[in-house]
1. For the subset of the range 277-299 comprising residues that are among the acidic types (Asp, Glu) and surrounded by fewer than 23 Cβ atoms within 10 Å (Cβ to Cβ), which member is nearest to the ligand (Cβ to nearest atom)?
2. Within the range 316-357, track down each residue that is more than 16 Å from the ligand (Cβ to nearest atom), hydroxyl-bearing (Ser, Thr, Tyr) and over 21 Å from Leu188 (Cα atoms).
3. Somewhere in the range 156-174, is a residue free of Cβ contacts under 8 Å to residues at least 40 places away in the same chain, surrounded by fewer than 19 Cβ atoms within 10 Å (Cβ to Cβ) and over 30 Å from Val241 (Cβ atoms)?
4. Could you grab me the full set of residues in the range 20-40 that are open to solvent by less than 70 Å² (accessible area, probe 1.4 Å) and among the β-branched types (Val, Ile, Thr)?
5. Could we say that Glu152 is among the charged types (D, E, K, R) and either closer than 30 Å to Lys267 by Cβ or outside the structural domain of Glu263 (by TED's automatic domain parsing) (or both) here?
6. Could you give every pair whose Cβ atoms fall below 6 Å, whose first residue belongs to the range 319-343 and is more than 27 Å from Cys301 (Cα to Cα) and β-branched (Val, Ile, Thr), and whose second residue is within 16 Å of the ligand (Cβ to nearest atom) and open to solvent by less than 10 Å² (accessible area, probe 1.4 Å), counting only separations of at least 6 or pairs across chains?
7. Of Ser410, Ser377, which residue is of a type in the set (Gly, Ala, Ser) and at pLDDT below 95?
8. Here is a check on your reading of the model: is Ala308 more than 16 Å from the ligand (Cβ to nearest atom), under 22 Å from Asn353 (Cα atoms) and in contact with a strand residue (DSSP E or B) (Cβ under 6 Å, 6 or more places away or on another chain)?
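The values are calculated or read from the model by the stated rules, or taken from the named source; none is laboratory data. Quantities reported herein were computed from a predicted structural model and do not represent experimental measurements. Cβ sites come from the backbone with ideal geometry, for glycine too, and all protein chains shown count toward neighbours. Quick note on the areas: whole protein, heavy atoms, side chains included, nothing else; ligands and nucleic acids left out. Shrake-Rupley method; radii C 1.70, N 1.55, O 1.52, S 1.80 Å.
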Amino acid sequence: MTVSKRAAKATEESLHRIFTIPEAPDSTLGRIEQEMSQNLTGFLGDHIAAKEMALSEIEKDFACSQIPEQPTFVSDHMHHLLDKLVAQSVHTSSPSFIGHMTSALPYFILPLSKLMVGLNQNLVKIETSKAFTPLERQVLGMMHRLVYRNDEPFYQEWMHSANHSLGAFCSGGTVANLTALWVARNNLLKPEGDFKGVAREGLFNALKHYQYNGLAILVSSRGHYSLKKSADVLGIGQDSVIAIPTDENNKVDCQKLREKCQELTDKNIRVLSIIGVAGTTETGNIDPLTEMAEIAQQFHCHFHVDAAWGGATLLSDKHRSLLAGVELADSVTIDAHKQMYVPMGAGLVVFKNPASVAAIEHHAEYILRKGSKDLGSHTLEGSRPGMAMLVYASLHVISRPGYELLINRSIEKAHYFADLIEQHPDFELITRPELCILTYRYNPAVVQYLLAHSDKAGQDKINSLLDKLTKYVQKRQRENGKSFVSRTRIEVQKYQGRKTLVFRVVLANPLTSNEILVDVLAEQAELAQESRNFLPKLLTLANENE
Ligand SMILES: *Cc1c(COP(=O)(O)O)cnc(C)c1O
């Protein structure tokens, strides 16, 4: 054999090996796998560096554009990943990481995910996902029942019906919202006479046929940005998503909503959908859903509830009444990868009427044939992983009462933290938690006093200094790597609706203790003292006033 022939044979053999022979248990990869499965949190804690590196530094490790010409041993590559990637990853499961909706996962998720990836089922069609397709339909049925509470015969009739869907499983809340609005749009602008429907003829012809001057989607000013993306993709346009002001509790003002519906109708702009938010991303508040449903009915439009974050609250008998009226919605978005503790890539939308998805039905010759039970005929996404298995498993392992405990604890913890903030003289609670999200800021007692006794111009000056201080503290805290809260800018009624920078906290990690919350405040107060610019200026203002 020539040298090149031998090399080719060696390559072929190693290619065969990577598909057939697992790494030995005593290899680097084998040991890492074992460590991860024994104690994932410990493993992550050991390998994620505490100190944060500048993004521009990290980028240098990911700068080369050439695809390697030389293969690497898996174990060697694993070392590379641990050093370059894992070390600078964000420790989202840390109990002191309380800034975003991504939190810890139950331990059983890891082996189950491995099984899911190993099976590599494609949910677009039955031919690649027998058993997974019925499972996903069952999960959608369970979630549908959680929202709409129909009786068992209803589910027996529709759960596995080929031409119906109780919902659509997808990668997250964004696609779930888009799917809901897609269904709403196609049902509104449906075929009629010679007109073949918006799905076939497009929006221009649809508006001409129905003689509308445009479409609009109405949601509170706390609505999620995914709604604008959806309006953009659906051809309705981002500017047609109309923000309705909220009251002091971040809930949509129904009077203003009704007025806007009337105003648009008078201009011959058709309201496509009214969207209630059940758990706003920034403050966790829930819109008055029952009243919104009435308005939607009055104006004959689709009523969607974006419960991507708050939907899981329905699992708590104690708190589910917070979402009263959700059962009146035509469609509801829920993210399992938020408060259901499933890894990312698990969103869903359920439809009150199982026949409504017919409006987005698609067929192809080689799959998704008419009358088939292929899920892909009613989903935006094509190839899709078997994430529903992880939701299914979690619903069984944790069960409804287990979820109730998790939800109740998170809400209690948020109330505890809110009390802590209110009792601290140098912190100001901005939004009181309804679910487990709250916002606040560092604001020394003397400055709070000054704010309360200043005119509008004085308040603006103080608030803009406080904004800078909030930003400074939040950044320093993140860089320190001990704990993390996020920051956002929201209109605060108390300051005449001024957009104010605040800390945002999401208390969903069951391992976050009260002590950690005490420490977070202490650390923030300490970091504020280190601000050489903004805090002294604020204190000077306060002193001048005395
Ligand atoms: C998170 C969230 C979304 C978007 O969900 P993704 O899973 O990030 O796509 C939409 N709406 C609300 C209210 C959310 O909290």
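1. Glu282
2. Ser316, Ser321
3. Taking the range 156-174 first, the residues free of Cβ contacts under 8 Å to residues at least 40 places away in the same chain are 156-157, 159.
Checking which are surrounded by fewer than 19 Cβ atoms within 10 Å (Cβ to Cβ) leaves us with 156-157.
Among the residues that remain, those that are also over 30 Å from Val241 (Cβ atoms) are: 156-157.
Within the range 156-174, one or more residues are free of Cβ contacts under 8 Å to residues at least 40 places away in the same chain, surrounded by fewer than 19 Cβ atoms within 10 Å (Cβ to Cβ) and over 30 Å from Val241 (Cβ atoms).
4. Selection gives Thr28, Ile32.
5. For Glu152, the condition - among the charged types (D, E, K, R) and either closer than 30 Å to Lys267 by Cβ or outside the structural domain of Glu263 (by TED's automatic domain parsing) (or both) - is not met.
6. Sorted first by the residue in the range 319-343, then by its partner, the pairs are Val342/Ala336; Val342/Leu390; Val342/Val391.
7. Just a single option satisfies the conditions, and that option is Ser377.
8. Values: more than 16 Å from the ligand (Cβ to nearest atom): no; under 22 Å from Asn353 (Cα atoms): yes; in contact with a strand residue (DSSP E or B) (Cβ under 6 Å, 6 or more places away or on another chain): yes.
No; evaluated as a whole, the condition is false for this residue.
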